Amino acid sequence: MKIALMDTGIGLLAAATAVRRLRPDADLVLSSDPDGMPWGPRTPEDIRARSLVVAEAAAAHRPDALIVACNTATVHALPVLRERFEPELPVIGTVPAIKPAAAGGGPVAIWATPATTGSPYQRGLIRDFADGVAVTEVPCPGLAEAVQYADEAAITLAVAAAAELTAPDVRAVVLGCTHYELVAERIRTAVQQPGLPPLVLHGSAGAVAAQALRRIGEQPAPDAPAGGTLTVILSGREEQLPTVALRYEEGRLLRAVSPAR
């Protein structure tokens, strides 16, 4: 079994790690576009074009499923990716976990890139799954880029700025960009208020990994032999896992448990 994941950059590490935990025997193909990052400020047309290029690079390795491990690409490019690759290659998008967050009753904050914040796509999810729940959309300019380059100072500033825009009484935060899952605990620390119940963070990595397995008729097998390989494609070039990825627990785990190809 081979699962491909695509993203602008290292945000796909969270979903890749989730797949690896569910199926240690699965081969993984990670295709990203560091040369073109960030995608957030780009036009929808440009995002679609770059998404197709990154997806084609992954599809060349003949995976059984392709996870679009990027909220921005899902918002703007999922229909064209599915038109291009399905039904031969199932394409699984990443949807912000608004539904489970709203099920707790709120208030809820959705942290996302400026391209996703306020978009018809996100507003539609709020309307469909959070009707009657207090929801704040929080744009996080620069946070995905700071995470991509493991720029500690920039991460601190971007998280603090977004926390200032987050209502102090929120009970849950939706991590509406896959990069944010790599700094989830820093976000929790910045938003958690003294005296309030523990803040609940909602990412998408686990649900996306499980959905990918369902789409190809496979079941989780976390005890399977850890023999899955790792292929890394950076803007079309097959390379090693970027050094910056090893600054995060998810990147270190992938390198530790993935044998050389």
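The values are calculated or read from the model by the stated rules, or taken from the named source; none is laboratory data. Here the structure is a predicted model, which is why all the values come from computation and not from measurement. Neighbour counts are summed over all protein chains in view; Cβ atoms, including those assigned to glycine, are modelled from backbone coordinates with ideal geometry. Accessible surface is based on the protein model in full, side chains and every heavy atom, while ligands, DNA and RNA are left aside. Shrake-Rupley method; radii C 1.70, N 1.55, O 1.52, S 1.80 Å.
Of the residues in segment 1-41, how many are over 15 Å from the mean Cα position of the chain (by Cα), under 19 Å from F85 (Cα atoms) and among the charged types (D, E, K, R)?
The total comes to 1.
Tell me which of these A55 doesn't satisfy, since it passes every other one: (1) modelled with pLDDT of 95 or more; (2) open to solvent by 50 Å² or more (accessible area, probe 1.4 Å); (3) not acidic (D, E).
Evaluating A55 over (1) modelled with pLDDT of 95 or more; (2) open to solvent by 50 Å² or more (accessible area, probe 1.4 Å); (3) not acidic (D, E) leaves (2) as the failure.
Return a yes/no flag: does segment 200-214 have any residue that is among the polar types (S, T, N, Q), within 27 Å of I110 (Cα to Cα), touching a residue at least 40 places away in the same chain (Cβ under 8 Å) and in a loop (DSSP other than H, G, I, E, B). Walk me through it before giving the result.
Kept after step one, since they are among the polar types (S, T, N, Q), are these residues of segment 200-214: 204, 211.
Pick out the ones that are also within 27 Å of I110 (Cα to Cα) and you get 204, 211.
Cutting the leftovers down to touching a residue at least 40 places away in the same chain (Cβ under 8 Å) gives us 204, 211.
Subsequent filtering for residues that are in a loop (DSSP other than H, G, I, E, B) retains 204.
Yes, because at least one residue in segment 200-214 is among the polar types (S, T, N, Q), within 27 Å of I110 (Cα to Cα), touching a residue at least 40 places away in the same chain (Cβ under 8 Å) and in a loop (DSSP other than H, G, I, E, B).
Taking the condition among the hydrophobic types (A, V, I, L, M, F, W, C), open to solvent by 60 Å² or more (accessible area, probe 1.4 Å) and either within 19 Å of T72 (Cβ to Cβ) or assigned to a helix (DSSP H, G or I) (or both), does L254 pass? Let's see the steps before the verdict.
Numbers: among the hydrophobic types (A, V, I, L, M, F, W, C): yes; open to solvent by 60 Å² or more (accessible area, probe 1.4 Å): no; either within 19 Å of T72 (Cβ to Cβ) or assigned to a helix (DSSP H, G or I) (or both): yes.
The answer is no for L254.
From the residues in segment 163-199 that are touching a helix residue (DSSP H, G or I) at 6+ places or on another chain (Cβ under 9 Å), touching a residue at least 60 places away in the same chain (Cβ under 8 Å) and not in a helix (DSSP H, G or I), which one is farthest from A115 (Cα to Cα)?
Filtering segment 163-199 for residues that are touching a helix residue (DSSP H, G or I) at 6+ places or on another chain (Cβ under 9 Å), touching a residue at least 60 places away in the same chain (Cβ under 8 Å) and not in a helix (DSSP H, G or I), the one farthest from A115 (Cα to Cα) comes out as R171.
For segment 217-228, indicate whether the set of residues that are closer than 19 Å to L12 by Cβ, in contact with a strand residue (DSSP E or B) (Cβ under 7 Å, 6 or more places away or on another chain) and modelled with pLDDT of 95 or more is non-empty. Walk me through it before giving the result.
Going through segment 217-228, the residues closer than 19 Å to L12 by Cβ turn out to be 228.
Then keep just the ones that are in contact with a strand residue (DSSP E or B) (Cβ under 7 Å, 6 or more places away or on another chain); that gives 228.
So of that shortlist, the ones also modelled with pLDDT of 95 or more come out as none.
No, the conditions are met nowhere in segment 217-228.
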